[in-house]
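Notes follow the structure.
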Amino acid sequence: MQKSKVNPEDYVWVVIEIKGTDENFLGLENDAGERFVPVTASREDAQALLDRLPAAPQGTTRQIEATHKKQIAATAAEQEFAVYLVDGQGVLQGRLE
């Protein structure tokens, strides 16, 4: 049996909000009113970002997960969100297409 290889360049790290049985990608809004999902290139940047966010709404927990770029792009587009790569400080690095 051959192991499949995972290309880390195909994945990003995203903050997931969990409330009860519902799980959603964290969505934010920038100063221009554009809704977006922030993602990071590394787990360390995602953890730093998570630590910088305001407290989650009551009853909601947050965690970070690796997600395939195509999956997050498709899910975000369905909800009319852009996807932006950010660093650990939350600074926008560019838009994922």
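Computed from the coordinates by the stated procedures, all read-outs in this text should not be read as laboratory data. What you see is a predicted model, and the numbers here were worked out from it, not measured in a lab. Every residue, glycine as well, gets a Cβ built from its backbone with ideal geometry; the counts of neighbours run over all protein chains shown.
A single entry from Val37, Val14 fulfils the requirement of being part of a strand (DSSP E or B) and touching an Asp or Glu at 6+ places or on another chain (Cβ under 8 Å): Val14.
Inspect all residues belonging to the range 27-41 and state whether any of them is exposed (fewer than 13 other Cβ atoms within 10 Å of the Cβ) and touching a helix residue (DSSP H, G or I) at 6+ places or on another chain (Cβ under 7 Å). Checking the range 27-41: not a single residue is exposed (fewer than 13 other Cβ atoms within 10 Å of the Cβ) and touching a helix residue (DSSP H, G or I) at 6+ places or on another chain (Cβ under 7 Å). Checked against (1) closer than 20 Å to Ala77 by Cα; (2) not aliphatic (A, V, I, L, M); (3) not in a strand (DSSP E or B), Glu65 meets all criteria but (3). Flag: Leu49 does not match the condition of being surrounded by 10 or more Cβ atoms within 10 Å (Cβ to Cβ), without any contact (Cβ under 8 Å) to a residue 12 or more places away in the chain and of a type in the set (A, V, I, L, M, F, W, C).
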